[in-house]
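Before any comments, here is the structure.
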Amino acid sequence: MKWLDAFAENSARALARRSSRRSVLGGLGSLLLGAAAVPLLPVARGAEVKRAGAASNPHWNDPSSCDYWRHCAIDGYICSCCGGSQSMCPPGTDMSPVTWIGTCHNPGDGKDYVVSYNDCCGKSSCGRCFCNRNEGDSPMFQPGHSNDYNWCSGNSKANIPYHCSTARIVGVVG
Amino acid sequence: MKWLDAFAENSARALARRSSRRSVLGGLGSLLLGAAAVPLLPVARGAEVKRAGAASNPHWNDPSSCDYWRHCAIDGYICSCCGGSQSMCPPGTDMSPVTWIGTCHNPGDGKDYVVSYNDCCGKSSCGRCFCNRNEGDSPMFQPGHSNDYNWCSGNSKANIPYHCSTARIVGVVG
Amino acid sequence: MRILPLPTSTVNAYRPFRRERWTAIACVAAVAMAAALAGPARATLPSDIGRGPTVATLPVPASKHWVWVNDFVFPHMADGMAYLIDGDSGRYLGTLSTGYGFAHLLLSRDGKIIYSPETYFSRGTRGKRTDVVTLYDAGTLNVLGEIVIPPKRSSNMPVMGNAALTDDDRFLLVYNFTPTQSITVVDTKTRKFVREIPTPGCAFAYPTGPRSFFSVCGDGSVLLVDLDDRGAARAKRTQPLLPMGADPVTEKPVRVGNTWYFVSLDGRIYPLECGRDQAALGRAWWLTSAAQRQAGWRPGGLQQLAVDARRSRLYAIMHRGALATHKDPGKDVWVYDLASGRRVQRIALRRLASSIQLSSDARPLLYAIFIGGSDLDVYDAISGKLLRSVAHVGTTPTLLVTP
Amino acid sequence: MRILPLPTSTVNAYRPFRRERWTAIACVAAVAMAAALAGPARATLPSDIGRGPTVATLPVPASKHWVWVNDFVFPHMADGMAYLIDGDSGRYLGTLSTGYGFAHLLLSRDGKIIYSPETYFSRGTRGKRTDVVTLYDAGTLNVLGEIVIPPKRSSNMPVMGNAALTDDDRFLLVYNFTPTQSITVVDTKTRKFVREIPTPGCAFAYPTGPRSFFSVCGDGSVLLVDLDDRGAARAKRTQPLLPMGADPVTEKPVRVGNTWYFVSLDGRIYPLECGRDQAALGRAWWLTSAAQRQAGWRPGGLQQLAVDARRSRLYAIMHRGALATHKDPGKDVWVYDLASGRRVQRIALRRLASSIQLSSDARPLLYAIFIGGSDLDVYDAISGKLLRSVAHVGTTPTLLVTP
């Protein structure tokens, strides 16, 4: 995440550790978004601008980057930085069977994919590569569309402790 | 601690939280000492320089300051910043019956006092006003003179969890 | 460092299998030495050993200008904490350790007890999960008791709706998400778990009276729940009332009397008037003018709203940003008159804030903190003037709770 | 965001009291949808659902260029952690959660098992204390088993002497401090706690052979302990050997064969040759010349020494500072030939380091990290050239452990 690099000179480490599993970047992210907001306005133009941004972004295909195309609605530590991958949990953790999903545009083939952000559970926070992108996020009254829940909840083998998040393709949007 | 203030512009908060209960400042402290070391040399002159420093220090009588005269051998979070005082534990914590001690010079009356650094136990780290001064500290082979042990150990009511450290006068020397 | 009696007795102590006795001996030794030294010491500074209390306590009830800062501790969620700060002096008064995925404390109205829904694992982040409501003595911050509840507490970005006390303080309500949704009811009088109320598709607990509360459902309807003396529930679900579509309301409403003020992502206020068995939506109004919205102004943050019931004022954290910034902090707090919906004040904060709270007295303080920081700022809520800042309060501070 | 099958099935799921069944159903639903979508998807990127493993594993045995970074997590000591890093690629490979006041992991010589002495409390930072040795599978990082030991593990600034395996890997030794001192013996074959060996006045465990180790006592003497097949101990205490006075040795020695190299606060090396039943001090030598000492050069740090047994090289973190800086990190690593005691190399580090470690292979890597930071630097140990840095490794990284 670009602002992370910038922020790094001060306390990226502290940030990485302080960063929330769930939209604390709703807080920290603003350090970027606060600035980015002005050119993005009026609000209505936000969407296209973002998509263009994604396509032109040099990291759009780097699974360890917050700018990775699959991460359009992720909120948490990126498992690719934690010993896992975009589709696998790190060793010794447990993938949550249910979670929230996003629809992300793949600049590589121009198609939209359904992405499932399954949490990996059973160890303390990974603490690396925190990424929060709230596109399409809804308040917690609609759990299926909210990234503010810890989706390790109800995982019988590792009930609650959150470690990191994957970004698995569920399918292409017809 | 002066270097803390200086360091604060970068990540004092991170530091405060990251700071170890036990001589991590053996690490962080060096940010100050590394610089201070040169004028202090040769080593033999260290002692007098330090004492002079203490007397002339504006915070020598401030219990919430690392420069407080009683803190000459403290290592941990200062209880005066955590809801306690130099002689009292914060609410809901438990004072360790035994601990390590130091002999500190009181610029106020020119006398040396025996100071007992009783730990307060039973809650997670206070995280405020970390202070580490290693004068007279010995390796852990000599527990009574080492500030690297968690002296909450063996406290029957709160066995191990360290919260902060007091600086209690045991008596005057000679 | 000179060698003195204490270390000597310490060295003696390293005989094995004498720990308990020895600890006692060491205490005696310390006191004895203190006495021995007391002679020369009396002329100068007295020994602290054996004099006065060794642990501080707090006045009860708490000052109306105290605030509890709750900390989710994101990088180490097993070690949740809460910190008590005196807004008048800026003094840090005490700490509570509150377990995994901590949301927030609840303060009894008589000021004597602090309730804390907590989650623990037998091995820190694994093993057997145990959820409890811990009772703390407000004067000593010691554990008074513990009530085991079903291990279903919701783990989410903390909001005040995660737990609530009914207005008569009789029942404590805890929101569960497994992801099956329900509300745990605890009887504060018998200090026992009473029952679990299913709230299918509905989230959080918002009190509406002595024995009643509601949850908000995904379709915008409201589940009204009424409790009897034994905590048995009568539940009734309304028609959809709150917007959940393009511009849904957040789960961070604030309450004045029987009215809960919800705000939408774009900044529209929806007053929901709720009783035991009915709910109605009042006239909605905007925090922003059309021009301000065009300029990108919207509410944001975690604890984004606060109310001063006496003066009928609503405080909101505002920032400029696109739609997806609805959780971002702001450097502005805009103040509204609840009767007219008109903005009456604009407070420029010292720094970004994701949570704000007001004291409940007649000379209210405004508290502000950023989850990505840990400096608590205290403002005069009426003049908006910054009074003081308290540094190093926690790791990822979330919700502010005032008496 | 478009609404798709998955969220729908999610919504269905919010019926109460169906959690277990429902979780299963949701899995099926997900797979079913994946299948449904597989048609159109096949032409493009395939679905990840139901394809391949969902959890990564590691090769066994580990690469000699992997390193475990142990983290005491000072601000939240209940949540100790350890992180596995590949020194060749800089990749982060995995994490272990290791409880309160964590010291360090121990790696079995066959590379199959990771032993971790851990402490837990039934309520995070209060309640019943339980100490265990947790066994982790080195390939899956899953818990293989757990051995309960006396709740006496020493809580101190972590040093490698806090725990050790005998050279034959049969017995695991854990140092206790309550403050009564003792060593807990665990049988790795039967996976049972065997006994507690009193070590009055003596600290830590330093292996000397297949079944033997020693502890160092406050007077500089050494307690030699020999274990039989059942873990029964024969102990013998020597005369004072190591300096404990004006310039005492630190508790951070390193080992080559039967020789343990201790260093004093001022930088003098004391080689201690130890067998099952005898110990002798070799010729002491200085890390620094008189002129360098005058200039204030001294060793410092937490894991301040490392050895390359193949090349008979000692690596030491050096800095300039007064006596009380003996725990400070340094930006220099000085390399010595153990036979001659002569300095043969000087490595300027990229940043301050409080801990260093070497890989045990013929082309050794030098790892360096600062407890007040969290960037792991990887150097070619022979050329001293910085190879790479790995960012954001932990909160307060302490000891580095290599296979």
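FYI, it's all coordinate maths here, none of it is from the lab. From a predicted model like this one, the values you see are computed outputs, not experimental measurements. Positions of Cβ are generated from backbone atoms using ideal geometry, with glycine treated the same way; all protein chains shown enter the neighbour counts.
With labels modelled as points extended 7 Å from the Cα through the Cβ direction, what inter-label distance (nm, one decimal) is found for D:S383 paired with D:T259?
That separation, rounded to one decimal, is 3.0 nm.
Since chains C and D are linked by a rotation, which residue in C has the beta carbon closest to its axis, and how far is it in Å?
Reported as residue, whole Å: C:H76, 2.
With n ≥ 4 as the cut-off for DSSP H runs, can you work out [θ] at 222 nm for chain D, using -39500 (n - 2.57) per run divided by the number of residues, rounded to the nearest 500? Before the final figure, lay out the partial values.
On the way: 3 runs with 38 residues, N = 403.
Calculated from helices alone, the mean residue ellipticity at 222 nm is -3000 deg cm²/dmol.
Taking only the alpha-carbon atoms of region C:281-403, what semi-axes of the equivalent ellipsoid follow from 5 times the gyration tensor eigenvalues under a square root, in whole Å, largest first?
Working: eigenvalues 98, 68, 29 Å².
After diagonalising the Cα gyration tensor, the semi-axes are 22, 19, 12 Å.
Output the pairs from C:K128/D:K128; B:K157/D:K128; A:K123/D:K152 with a Cα-Cα distance over 19 Å in this structure; if there are none, say none.
Numbers: C:K128/D:K128 14 Å; B:K157/D:K128 10 Å; A:K123/D:K152 25 Å.
Beyond 19 Å between Cα atoms: A:K123/D:K152.
Most exposed first by the Cβ proxy, i.e. fewest other Cβ within 10 Å, how do C:K327, C:K385 rank?
On the way: C:K327 32, C:K385 10.
Exposure proxy ranking, most exposed first: C:K385, C:K327.
If each Cα of chain D is one equal point scatterer, what is log10 of I(q)/I(0) from the Debye formula at q = 0.10 Å⁻¹?
-0.71
Can you give the log10 of the normalised intensity I(q)/I(0) at q = 0.09, 0.11, 0.21 Å⁻¹, computed with Debye over equal Cα scatterers of region C:99-236?
These q points yield log10 I(q)/I(0) values of -0.24, -0.37, -1.32.
What FRET efficiency comes out for the pair D:R195/D:D247, r = Cβ-Cβ distance, R0 = 41 Å, nearest 0.05? Present the calculation step by step, with values, prior to reporting the outcome.
Working: r = 36 Å, r/R0 = 0.88.
About 0.70, to the nearest 0.05.
Under the Karplus relation 6.51 cos²θ - 1.76 cosθ + 1.60, θ = phi - 60°, what is the ordered set of whole-Hz ³J(HN,Hα) values for region D:129-146, x standing for Gly and Pro?
Rounded to whole hertz, the list is 8, 10, 9, 9, 9, 8, 9, 10, 6, 5, x, 10, 6, 8, 6, 8, x, 8.
Calculate the spin-label point distance for C:K128 paired with D:W286, positioning each point 7 Å from the Cα along the beta-carbon direction, and give it in nanometres.
Once both label points are built, they end up 6.1 nm from each other.
If the convex hull of the alpha-carbon atoms of region D:140-215 is projected onto planes in all directions, what is the mean projected area in square nanometres?
On the way: hull surface 21.9 nm².
Value for region D:140-215: 5.5 nm².
Angle, helix C:19-42 long axis vs. longest principal axis of chain C, Cα atoms, 0 to 90°, nearest 10?
So the inclination is approximately 80 degrees.
May I ask for the Kirkwood hydrodynamic radius of region A:53-150, worked out over all distinct Cα pairs and given in angstroms to one decimal?
Details: mean 1/r = 0.0726 Å⁻¹.
For region A:53-150, the Kirkwood estimate is 13.8 Å.
Mind giving me the FRET efficiency for D:R346 and D:D88? R0 is 25 Å, r the Cβ-Cβ distance, nearest 0.05 is fine.
0.50
Projected area of region D:90-141, taken from the Cα convex hull and averaged over every viewing direction, in nm²?
Working: hull surface 17.7 nm².
It is 4.4 nm².
For chain C, build the charge dipole from Cβ charges (+1 Lys, Arg; -1 Asp, Glu) around the Cα centre, then report which of C:P248, C:F213, C:A362 sits farthest towards its positive end.
C:A362
Can you give the three extents of the C-alpha atoms in region D:269-329 along their principal axes, from longest to shortest, in whole Å?
For region D:269-329, the Cα spread along each principal axis is 39, 22, 21 Å.
Would you mind pulling out the separation of the Cα centroids of region C:354-371 and region C:187-221, in Å?
26 Å
Which distances, shortest first and in nm, link D:R191 to the matching position in the other copies, using label points set 7 Å out along Cα to C-beta?
4.0
List, shortest first and in nm to one decimal, how far the label point of A:V173 (7 Å from Cα along Cα→Cβ) is from its counterparts in the other copies.
So the label point of A:V173 gives 7.4 nm to the other copies.
I'd like the distance between the alpha-carbon centres of region D:75-97 and region B:134-171, rounded to an integer number of Å.
28 Å
Measuring label to label, 7 Å along Cα→Cβ, what does C:P46 give against each other copy in nm, shortest first?
8.1
State, to one decimal in nm, how far the label point of D:L144 lies from the label point of B:D109, with both points 7 Å from Cα in the Cβ direction.
Reported label-point gap for D:L144 and B:D109 is 6.2 nm.
Which FRET efficiency value, to the nearest 0.05, is calculated for C:A235 and C:A309 with the Förster distance at 22 angstrom and r the Cβ-Cβ distance?
Efficiency at R0 = 22 Å is approximately 0.20.
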